[in-house]
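Student: The structure under discussion is supplied below as structure tokens; questions concerning it will follow.
The values are calculated or read from the model by the stated rules, or taken from the named source; none is laboratory data. Quick caveat: nothing in here was measured; it's all calculated off a predicted structure. With ideal geometry, Cβ positions are generated from the backbone for all residues, glycine too; neighbour counts draw on all protein chains shown.
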Amino acid sequence: MTNYVCPVCGFLDIEIFIKIKQIPTCCNLLYKTRQNALTATKADMKLGFCKKCGHVYNYAFNPDIMDYTQDYENSLHCSPRFQEYANTLAKRLIK
């Protein structure tokens with residue numbers, strides 16, 4: 001049995017509530033070819049919930065396999081929801 005530790009509060013009572021095997025490690029990469037996309041780096045996901053502070057975290061996360069390059073696309077400017085959030089935040093900060 002593996003003991004998972006909450007990275008936020010250090011609590012040891014973590015409930016793993018979902019396990020997904022071999023999913024792409026980056027969801028926002030733009031691949032130049034279909035073959036590149038099909039051979040993308042994959043890893044397991046193991047989402048856990050801290051019963052003390054409520055933090056949800058991927059306990060299988062491995063930063064060593066993450067590769068952020070110029071092909072990574074994480075812009076949200078086309079999202080109406082994000083635009084609403086950004087505008088509301090800007091108005092609140094100005095006020």
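Student: Kindly evaluate residue 33 against the criterion of being loosely packed, with under 12 Cβ neighbours inside 10 Å and of a type in the set (Ser, Thr, Tyr).
Tutor: For residue 33, the condition - loosely packed, with under 12 Cβ neighbours inside 10 Å and of a type in the set (Ser, Thr, Tyr) - is met.
Student: Continuing with the same structure: Can you tell me which residue is modelled with the highest pLDDT among those in the range 47-76 that are surrounded by fewer than 11 Cβ atoms within 10 Å (Cβ to Cβ) and charged (D, E, K, R)?
Tutor: By that ranking, first place goes to 64.
Student: Which residues, counting only those in the range 17-33, are at pLDDT below 95 and more than 14 Å from the chain's Cα centre (by Cα)?
Tutor: Passing the criteria: 30, 31, 32, 33.
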